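Colleague: I am attaching a structure below and will ask some questions about it afterwards.
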Ligand SMILES: Cc1ncc(COP(=O)(O)O)c(C=O)c1O
């Protein structure tokens, strides 16, 4: 069979599924000498290796617990972890019970499942401008028709374009890719817009805990529950993850939402992979039940210092005409280059000419890309390396600005 034959046999949805720029770039991680300001990988130097080893020993060291850990888990998730998460979400202002929670293989799986539940080919899917590339890749597979999520009901063009859409997706806390955070009035306005459009709203809480300054803002889920009297009456489905606060490799994420929606998502989970690993869920529970606060404090200390250092380096080294966000949390800074300068081309040249990995902004838009943008992450490189990377990037952008 030739390559051409394979193309004929693939499902139509695969025409929308393309390799992500970021995943492709991750293949370069091994190349020596590269300064990584591209992907938002947590720094492995701070993974809680000993806590995970102790937890694994406890879980497997006792016969009964080991039997549970090594068996198929319930599709809904390991009940003690769900009970713990119900308490944790309660501490974030969300009253919920185990029937409102599904454990997933990371929050990426949650994005896929929610897409699968709501989107038929051609259905309207409203996203922020720009938005998380991994979410676009998940929704692409359901052949969604993209539009922009209105900021409020007063956002008339977006409201008109969004009529008939089914689902909206937003990351209100320290968005990937811009690092910006929605204020409480902005959240209220988004909920008003969602209500007027009659859409479900998927809230990505990936970075909710990674705040370095300012005060916490309640999640869309919490605000909606206050309005409607509880999450079962609301339109928000929330996804969280331990990937950025504990480790990504155990692949433990969760969905919180109205019980009828969770029941449907459990059916999808059964069809997809039966269940998330019981062993991983049990290890994660052991780690987080006494340790999450300390890990969050540690992550805030490290990434907060790296953010400060990156912002200072940008101020020191970026040429005139380049502006950037000043995130209060998360892992990303978003650069806007002078009009007409291509962030994707700058990213390619940064890698080839300066050994610096960054991501061009265009891939964070499903339509109508602002090409003069670029995402930087301050999670992985040391402060010293990041400063050097920004210096090299600034010099490259200065050369590009004069046509070199
Ligand atoms: C906004 C956002 N959502 C979801 C994910 C997926 O994370 P995980 O599947 O590891 O929970 C990421 C990963 O970077 C992310 O940035």
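The values are calculated or read from the model by the stated rules, or taken from the named source; none is laboratory data. As the structure is a computational prediction, the values presented were derived from the model and not from experiment. All Cβ positions, even for glycine, are placed from backbone atoms using ideal geometry, and neighbour counts span all protein chains on display.
Colleague: Taking segment 202-215 as the search range and keeping residues that are in contact (Cβ under 8 Å) with a residue 12 or more places away in the chain, assigned to a loop (DSSP other than H, G, I, E, B) and away from the ligand (no atom under 11 Å from the Cβ), which one is nearest to residue 265 (Cα to Cα)?
Modeller: 209
Colleague: Turning to a different aspect of this structure: Out of segment 22-36, which residues are within 15 Å of the ligand (Cβ to nearest atom) and either surrounded by 19 or more Cβ atoms within 10 Å (Cβ to Cβ) or at pLDDT 70 or above (or both)?
Modeller: Hits for segment 22-36 are 22, 36.
Yes/no per residue for (1) within 14 Å of the ligand (Cβ to nearest atom); (2) crowded, with 21+ Cβ neighbours inside 10 Å:
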site: 234; (1), (2): no, yes
site: 238; (1), (2): yes, yes
site: 247; (1), (2): yes, yes
site: 254; (1), (2): yes, yes
site: 257; (1), (2): no, yes
site: 274; (1), (2): no, no
site: 284; (1), (2): yes, yes
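Colleague: Scan (1) closer than 23 Å to residue 328 by Cα; (2) outside any loop (DSSP other than H, G, I, E, B) for the single condition residue 396 breaks and write down its number.
Modeller: Among (1) closer than 23 Å to residue 328 by Cα; (2) outside any loop (DSSP other than H, G, I, E, B), residue 396 violates only (1).
Colleague: A further question on this structure: When both residues are 6+ apart or on different chains and their Cβ atoms are under 8 Å apart, which pairs have a first residue that lies in segment 123-150 and is farther than 15 Å from residue 113 by Cβ, and a second that is modelled with pLDDT under 95 and within 13 Å of the ligand (Cβ to nearest atom)?
Modeller: From segment 123-150, the pairs are 133/20; 133/22.
Results for (1) modelled with pLDDT of 95 or more; (2) surrounded by fewer than 24 Cβ atoms within 10 Å (Cβ to Cβ); (3) in contact with a helix residue (DSSP H, G or I) (Cβ under 8 Å, 6 or more places away or on another chain); (4) outside any helix (DSSP H, G or I), shown as yes or no for each residue.
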{"position": "307", "(1), (2), (3), (4)": "yes, no, no, no"}
{"position": "311", "(1), (2), (3), (4)": "yes, yes, no, no"}
{"position": "314", "(1), (2), (3), (4)": "yes, yes, yes, no"}
{"position": "338", "(1), (2), (3), (4)": "yes, yes, yes, yes"}
{"position": "369", "(1), (2), (3), (4)": "no, yes, yes, yes"}
{"position": "374", "(1), (2), (3), (4)": "yes, no, yes, yes"}
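Colleague: Further question on the same structure: Just to be sure I understand the filter: pairs with C-beta atoms under 6 Å, separated by 6 or more residues or on different chains, first member in segment 1-13 and within 25 Å of residue 112 (Cα to Cα), second member modelled with pLDDT of 85 or more and part of a loop (DSSP other than H, G, I, E, B). Which pairs pass?
Modeller: Matching pairs, first to second residue: 13/141; 13/143.
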